[in-house]
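Below: one structure, written as structure tokens.
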Amino acid sequence: MFSVPGLQWIDPKVSVSSSNYSEIYRLLVGKAKSGSYGAQTEWVALPLAPEIRVGHDEISKRISADFMSRQTPEWLISFFDFLAGVGPAARNDYLARPILPLENGAWVPANPEEVYLPPENRSSIDLTRFSIVKQSLLESKSVLAFLKTQAGLHEPDFVDAVIRYLLPKFASGCLPFDETTYAKDLQAIATACREDRHGRMLPALNALPFVACVPAWLRETDAVVWKAPASSTMFARTSNLEIWFAGNDQDKPLFLHASVEKVLGRGACGLQFSQDSLLVGCDPFNRGKVRLSSRWGDHKQGLDGFNQGVSGADIHPRVRIGDAVPLCLFAVAHAASLPQCSC
């Protein structure tokens, strides 16, 4: 539109249906029957010429990569200057169309999660892994300002690289485990968490099964289970918990893999990976017993049996990992394996 010879625009005072020019406006654009729109519009009064009224929705939906690729650099600058002056709803319609040229020749929508501005330090990151806006377009300061402030585009950084190209490998939850590679991946995640200034890592990690765990009921195993940080079955390994969980393959408790504790500790980016401990406490007045707390009661059980009137059948079926509390109560039937209290 910016380069069509002889194209004239009607004075804005007439093109908006103000009370001062309502009759002229109706003469130009016509009047449709109430509730009649689109291709099946029924008219009370026909417009002066077909499609004389052109709205942002009609313009934006006709934009294609082929159309944009045939425009001159000067036209593109005028186009983005035009977008800077339209309202948010109309601007979003345009941004969703393939209006941005990339360095690789493609035309794409201005999606800040998919498209990036070229970084000043091009040696700091592998740009072949990113969709980068064509540098020549950004020689216009007004275009660069628009893409930053109104389209939300930014330069790719290490956080983007981790989210876009490292984290997806864990999505299936069944990644073959290699300890050396995994340790490097965790180092990258830890660095990205430290460098993240916009809260991007937290939602990316929250539901992702990237935490390597091992079955807690097996003393020696090479098996690795992948879990998301929110899992209630993960625990940090301690000698007492090793005894507590030994042989319990019913509730499937898990210990964090040693690589996780070594690189990330028990959490990252504000996420807590593991339970610190079971809800179990020593009773100073009942040596040799542990306290089992749940919403059904407060019971003690130890080397000399249960509280009076309480049996394993009263407790075991009701409390499970991931239910009221993260307890593995198989040990109720194996009191001899419980750790002694030293309170």
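Rounded to the nearest 0.05, what FRET efficiency do residue 129 and residue 22 give with R0 = 45 Å and r taken as the Cβ-Cβ distance? Could you check? Between residue 129 and residue 22 the formula returns 0.20.
What FRET efficiency, computed as 1/(1 + (r/R0)^6) with R0 = 41 Å and r the Cβ-Cβ distance, is obtained for residue 262 and residue 138, rounded to the nearest 0.05? Efficiency computed from Cβ-Cβ geometry: 0.45. Annotation for residue 71 and residue 188: the two label points, set 7 Å from Cα along the Cα-Cβ direction, are 3.7 nm apart.
Here the extension length gained between residue 246 and residue 113 equals 43.3 nm, from 0.36 nm per residue of separation less the Cα-Cα distance.
If you sort the three axes of the alpha carbon gyration tensor as a ≥ b ≥ c, you get a/c of 1.5 or more for the range 56-156 and a/b above b/c, which makes it prolate.
Computed from the C-beta positions of residue 178 and residue 220, the FRET efficiency with R₀ = 30 Å rounds to 0.95. Summing Lys and Arg as +1 and Asp and Glu as -1 over all other residues whose Cβ lies under 14 Å from the Cβ of residue 154 gives a net charge of -4. In this structure the amide hydrogen of residue 267, modeled in the peptide plane, comes within under 5 Å of the amide hydrogens of 273, none closer than 5 places in sequence on its chain.
Ranking of 234, 68 by neighbouring Cβ atoms within 10 Å, starting from the fewest: 68, 234. Other residues within the sphere of radius under 11 Å centred on the Cβ of residue 216, judged by their own Cβ, net out at 0 (K and R +1, D and E -1). Measuring against 29 Å, Cα to Cα, the residue pairs 169/252; 61/141; 148/227; 148/262 contain 148/227; 148/262 as the ones spanning a longer distance. Taking other C-beta atoms within 10 angstrom as a stand-in for reagent exposure, 219, 97, 194 fall in the order 219, 194, 97, fewest first. The loop-placed GluC sites (Glu not before Pro) in the range 122-230, going by DSSP, that have at most 11 neighbouring Cβ atoms within 10 Å of their Cβ come out as 220.
Sequence-ordered 3J(HN,Hα) estimates for the range 230-239 from the Karplus curve with 6.51, -1.76 and 1.60 and θ = phi - 60° stand at 7, 4, 8, 9, 9, 9, 6, 6, 9, 5 Hz, glycine and proline given as x. Neighbour counting of Cβ atoms within 10 Å sorts the residues 245, 130, fewest neighbours leading, into 130, 245.
With each label modelled as a point 7 angstrom along the Cα→C-beta vector, the residue 81-residue 230 pair spans 4.9 nm.
Bear in mind that the values in this text are calculations on the coordinates, not laboratory data. Treat the numbers as computed from the prediction; the structure is a model and nothing was measured. Every residue, glycine among them, receives a Cβ derived from its backbone with ideal geometry; neighbour counts consider all protein chains shown.
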